[in-house]
Structures are given as C-alpha cells and as structure tokens.
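Input: a single structure, listed below in structure tokens.
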Amino acid sequence: MYSGRMSTPERLIESTRELLWERGYVGTSPKAILERSGAGQGSMYHHFKGKPDLALAAIRRTAEELRAAAEGVLGGPGTPYERIEAYLLRERDVLRGCPVGRLTMDPDVIASEELRAPVDETIAAIRARIAQLVEEGKREGQFAPSLDGEEIAAAVLATVQGGYVLARASGSPAAFDAGVRGLLSLLAAPARADAGASRCEHPERSGR
C-alpha cells in the first residue's frame, strides 16, 4: 500500500512501474493500474493522456533510478577494478530480474521508439561509464593494455543481463553469482599476469 501522502499521479506511476516489471506492457492494463494504485476511476486520463503516456513516465522513472544506482557505485570510491566489482556485486533482486533489462524483451516497448528511448539511453550510459573505468584502469596498470574498454563494458552488461535470465530459468541466484565471479576473475587475471611478466623482465623491481 502507498502512503496517504503520495499524490495520485505518483501512485499511478509507481503502480505502473511495478506492473511493467511483473507483467510487461500488455499485462499492465488500465484496470490493473487503478486497482494497484487505489486511484479512482478515470484518474489515469485526468493526469495522463492514456496508458502509453503513463507507461513512458514509469519507464523514465525506472531508468533514472537504475542509472543513479549504477553511478552510485561506478562513481564511488576505489580503484577502477573495485568500482566495477562493486557494480557487479551490488545488491539485486536477481530472481525478479532487471526492471530495465526486462523491458528490452517486451515487444510492445521495443516497437515504440518513445518507450524504448529511456531504456536505450540508460544501457548506453552505463556501458559508457564502465568503458571509461576500464580505460582508466589500463592507464593505472590494473587492466591489461590489450583490453578494449567498449568490449569489456559490453561483456559486463551481458554478464549481468544474462545472469538474470539464467537465475530465473533455474530458480536460483547461483547462476548469476557464478557468472559474476567468473568475469571478475577474468578481469583480474590479465593484470596479475602482466605484473608477473614485468617482474621477470625487470627483476630489480621485485626487491630481490
């Protein structure tokens, strides 16, 4: 139930966000929105032009929140590797799936350029931020020089979104966690290998 202090438009947006996550666009009927929000009959059309307009407001809100949550760890303290690690390990409702990622599998959302735009922009922004961190890590010697920031960023997002699918299919977050651990091991291994090779080539740096 929503707080009595929440305005009717806010209740409608929050209800639509939840229903889109649970049921997709088609399953998010005006009747279901009104029942979930506790809003009166006709409230949707009083505050919004209709279901597409309300859905757009809900998708924008969800996209903004996901982007802010990602930036909270990707832009937080720590080395580039630690920030990418924090993004991959941050708390998620894995079995429920990603509220933005699931929209990419909704044909009605993908078919609408307007509804798809916030989804595309959010994924692109997170991908660009991760790519930036990889390039930063390369300059600091944390990542192998051969790594490509854009490719690693794509791999990170693919691991997260694919992990949601595997977890939901198995009914367990174990598959998601395994994918994250595997990717983090791959990201850390090249830097360690390069560091070891550098010490062998320049034994005076090892302190021996």
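The values are calculated or read from the model by the stated rules, or taken from the named source; none is laboratory data. Computed from a predicted structure; not experimentally measured. For neighbour counting, all protein chains shown are included, and Cβ atoms are generated from backbone atoms with ideal geometry for every residue, glycine included. Areas reflect the complete protein model, heavy atoms only, side chains present, ligands, DNA and RNA absent. Shrake-Rupley method; radii C 1.70, N 1.55, O 1.52, S 1.80 Å.
Points worth noting:
- Check on Glu91, open to solvent by 10 Å² or more (accessible area, probe 1.4 Å) and modelled with pLDDT of 95 or more: no
- The residues of region 128-165 that are out of contact with any Gly (no Cβ under 6 Å at 6 or more places or on another chain) and of a type in the set (Gly, Ala, Ser), listed by number, are Ala128, Gly137, Gly141, Ala144, Ser146, Gly149, Ala153, Ala154, Ala155, Ala158, Gly162.
- Scanning region 5-31 for residues being hydrophobic (A, V, I, L, M, F, W, C) and in contact with a Ser or Thr (Cβ under 8 Å, 6 or more places away or on another chain) gives a total of 4.
- Selection within region 72-85 - within 14 Å of Ala153 (Cα to Cα) and either of a type outside the set (Lys, Arg) or not in a helix (DSSP H, G or I) (or both): Leu74, Pro80, Tyr81, Ile84, Glu85
- Among residues of region 103-132 that are more than 17 Å from Tyr164 (Cα to Cα) and of a type in the set (Lys, Arg), those with a Cβ under 7 angstrom from a residue that is open to solvent by less than 70 Å² (accessible area, probe 1.4 Å) and at pLDDT below 95, sequence gap 6+ or separate chain, pair up as Arg116/Val109; Arg116/Ile110.
- Residue list for region 148-191, restricted to those being surrounded by fewer than 17 Cβ atoms within 10 Å (Cβ to Cβ) and outside any helix (DSSP H, G or I): Asp148, Gly171, Ser172
- For region 59-77, a residue qualifies if it is open to solvent by less than 40 Å² (accessible area, probe 1.4 Å) and free of Cβ contacts under 8 Å to residues at least 12 places away in the same chain, and exactly one does: Gly76.
- Selected residue (only one of Gly24, Gly40, Gly97 is in contact (Cβ under 8 Å) with a residue 40 or more places away in the chain, outside any helix (DSSP H, G or I) and more than 20 Å from Ile152 (Cα to Cα)): Gly97
- Residue-level check: of (1) under 28 Å from Ala153 (Cα atoms); (2) modelled with pLDDT under 95, Pro30 misses just (1).
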